[in-house]
Amino acid sequence: PTEATISTIISSYYDDQCEFSREKLIMGHLLGKGAFGFVYQAIAYNIIPGEQSTTVAVKTVRDDATTDEIENLLKELAVMKMVGKHPNIINLFGCCTKGGQVMLIVEYAKYGNLRDYLRCKRPSGHVLSGSFESEENDDYHVDEIIDTLTTLDLLLFCLQVASGMDYLHSKKCIHRDLAARNVLLAENRVCKICDFGLARDLTQNYYYRKQTDGRVPVKWMSPEALFDRKFSTKSDIWSFAILAWEIMTYGGTPYPSVPAEKLFDYLRDGSRMSKPANCPNEIFKIIENCWEFKENLRPSFQQVCERLQRYLYGTS
Ligand code: ADE
């Protein structure tokens, strides 16, 4: 893309309020590589009132990014601004759009993604499916953390994710790729949903929009999302059921013996994953309700939060 095209795109998204000056950002090491770009750790100076320096994560595109990739990052920025702040989502601190590569500055989650974290904290005796030893966790201070996770810890993870999702839905944002790999764990083991900016805004007719790129991993998808690419709050709730199952199994892999092409028939015939050994019956009932074949039988995230809170605290 030419400089002129890029600057036209940038100015159409430009908003001075959130612009952060590049000189106050010291880039650190690579945290992750996505399909479209990179996430780096960085130090930002005076990005939060009352805090001199803050560890942040910086999302950016490759040097040779196409105009579309740059525009997608700017769209993600626009969604993050539209959504606003909540403790259980990765929040936006600011961005750099002028005078160089587009960068999104977001909260840094020091324990990394929930799936790898759960697998690290799996009590001995649990059998790991798939290879795990080779996965890199060095960037995250997993070793610092106290012991294994209790069932209560796991249920609190479920509740935090459900709260973050209830908030996103209240802002008309559907995630479309909710999974443990897209939940990050920050200080004090707070769950933060990430990549919701890749999700689409319900008000911009993305609601029930058919997806074209086929990127969404099949085993988290509801039958209607799988079958006719129908994404909605109800397909997010289905994905949450799979995510809650991942949590309760300390990062288990869903349907290991079901090939992707058999999945739709498997689900249509009423087959589902079984209750993880440590999962309380009441909690599994919630999970089963979230993976009802019929969308309208599934609960909302608000209802899931209430049911989890009632189980955990006896209230809602
Ligand atoms: N990997 C991708 N995004 C991240 C973030 N915000 N914090 C930590 N690791 C990440």
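The values are calculated or read from the model by the stated rules, or taken from the named source; none is laboratory data. Remember, predicted model here, so these are calculated numbers, not experimental data. Quick reminder, even Gly has a Cβ in these numbers, built from the backbone with ideal geometry, and neighbours come from all protein chains shown.
Which of the residues spanning the stretch 170-191 are closer than 13 Å to GLY84 by Cα and crowded, with 19+ Cβ neighbours inside 10 Å?
CYS173
Just checking, does the stretch 59-82 include any residue being in a strand (DSSP E or B), within 19 Å of the chain's Cα centre (by Cα) and within 11 Å of the ligand (Cβ to nearest atom)?
yes
Condition check ((1) within 20 Å of ALA109 (Cα to Cα); (2) at pLDDT below 85; (3) surrounded by 15 or more Cβ atoms within 10 Å (Cβ to Cβ); (4) within 13 Å of the ligand (Cβ to nearest atom)) across all residues:
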site	(1), (2), (3), (4)
SER11	no, yes, no, no
GLU19	no, no, no, no
GLY34	yes, yes, no, yes
ALA42	yes, no, yes, yes
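Say whether the condition of being hydrophobic (A, V, I, L, M, F, W, C), in contact (Cβ under 8 Å) with a residue 12 or more places away in the chain, on the phi < 0 side of the Ramachandran plot and assigned to a strand (DSSP E or B) is met by at least one residue in the stretch 7-26.
yes
Could you list, in sequence order, all residues of the stretch 226-274 that are under 24 Å from SER300 (Cα atoms), modelled with pLDDT under 90 and in a helix (DSSP H, G or I)?
LEU226, PHE227, ASP228 - these are the residues of the stretch 226-274 that are under 24 Å from SER300 (Cα atoms), modelled with pLDDT under 90 and in a helix (DSSP H, G or I).
Can GLN41 be described as touching a residue at least 60 places away in the same chain (Cβ under 8 Å) and part of a strand (DSSP E or B)?
Criteria met by GLN41.
Which one is surrounded by the most Cβ atoms within 10 Å (Cβ to Cβ) among residues in the stretch 86-114 that are more than 14 Å from the ligand (Cβ to nearest atom) and more than 21 Å from GLU23 (Cβ to Cβ)?
HIS86
Within the stretch 275-316, which residues are β-branched (Val, Ile, Thr) and in a helix (DSSP H, G or I)?
ILE283, ILE286, ILE287, VAL304
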